[in-house]
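First comes the structure, then the notes that go with it.
The values are calculated or read from the model by the stated rules, or taken from the named source; none is laboratory data. Owing to the predicted nature of the structure, the values given are computational and were not obtained by experimental measurement. Backbone-built Cβ (ideal geometry, glycine too); neighbour counts: all protein chains shown.
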Amino acid sequence: MQKYSLVLDREKTLNLLTRFGFIVNLEKSSLIPAQSITYIGALFNFKKEIVLPTPERLTKLEMSIQNLMTGHNTASDYFVLLGLIASCIEMIPNARLFMRPIQLHLLHYWKPSSKDLLCQIPFTLHLKSHLIWWLDRANTAKGRSLQQSSANLTITTDASKTGFGGHMKGQIFQGKWTETQQWLHINILELDAVHRTVQHFLPQLQGQNVLIKSDNTTVVQYVNKQGSPDQ
């Protein structure tokens, strides 16, 4: 019955578009009701309510990584890989977090102001340890939920030039900065307050969805984007 209703809705939609003067490309359209569709390199699995990169896109990503592991690569090769990762970033959980070490490795050896894209970039064992994560499809093909997850726990943090504090479920964690730390930029102190508070409450946070509240917009962006490409 549900499939029949979808077919009727499809016909209504096609007729409406035609009446408005649109020309529907039937050859490129997916007109048969299904619980799994592919769209611009993304595989939508509506039964599991997840989206993930297509096998073809993952294969291309893995080939680029294996190419880097040969150890004879230019800055251009790294940009190819980073571009492939960026195209999957919203479909792979924690993708930004595991993209950062590759970006930092490239920027350590390549400076756009003084070197061109044909500059040779050394390959290190440290980089290899991060690339291996991308070769495991248990990480890259697990899918990202189409449903927005809700937080089980909320942590609130704040910092000033003298100290910091964190709060969770009636529990308070606080401390003072050293004289050296007091000279640091307030953004760094606010971010450090988040880090210290999470570390303190970590035994209670494992396996939970955690919402972190901060009144510092830089910290909010840093946490949401899982770091910065140059830090």
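Given the residues ILE40, ILE65, which is the only one that is loosely packed, with under 13 Cβ neighbours inside 10 Å and either among the aliphatic types (A, V, I, L, M) or more than 30 Å from GLN120 (Cα to Cα) (or both)?
Working: ILE65 fails: loosely packed, with under 13 Cβ neighbours inside 10 Å.
That would be ILE40, the only listed residue that is loosely packed, with under 13 Cβ neighbours inside 10 Å and either among the aliphatic types (A, V, I, L, M) or more than 30 Å from GLN120 (Cα to Cα) (or both).
Checking each residue in the range 25-69 for being β-branched (Val, Ile, Thr) and in contact (Cβ under 8 Å) with a residue 12 or more places away in the chain picks out THR38, ILE50, VAL51, THR54, ILE65.
Let's see how each residue does on (1) in a strand (DSSP E or B); (2) over 29 Å from the mean Cα position of the chain (by Cα):
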position: ALA151; (1), (2): no, no
position: THR154; (1), (2): yes, no
position: GLY165; (1), (2): yes, no
position: ILE172; (1), (2): yes, yes
position: GLY175; (1), (2): yes, yes
position: GLU179; (1), (2): no, yes
position: VAL198; (1), (2): no, no
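Please give the strands (runs of 3 or more DSSP E) falling wholly within the range 21-86 in which 2 or more residues are out of contact with any Pro (no Cβ under 9 Å at 6 or more places or on another chain) and at pLDDT 95 or above. Break it down into steps so the answer makes sense when it comes.
Numbers: elements: 36-39, 42-45, 50-53.
Where strands (runs of 3 or more DSSP E) fall fully within the range 21-86 and carry at least 2 residues being out of contact with any Pro (no Cβ under 9 Å at 6 or more places or on another chain) and at pLDDT 95 or above, they are 50-53.
Whether any residue in the range 183-193 is free of Cβ contacts under 8 Å to residues at least 40 places away in the same chain, among the aromatic types (Phe, Trp, Tyr) and either farther than 23 Å from GLU90 by Cβ or not in a helix (DSSP H, G or I) (or both) is what I want to check. Yes, because at least one residue in the range 183-193 is free of Cβ contacts under 8 Å to residues at least 40 places away in the same chain, among the aromatic types (Phe, Trp, Tyr) and either farther than 23 Å from GLU90 by Cβ or not in a helix (DSSP H, G or I) (or both).
Being exposed (fewer than 14 other Cβ atoms within 10 Å of the Cβ), at pLDDT below 90, not small (Gly, Ala, Ser) and not in a loop (DSSP other than H, G, I, E, B), is that true of even one residue in the range 204-214? Yes, the range 204-214 has at least one match.
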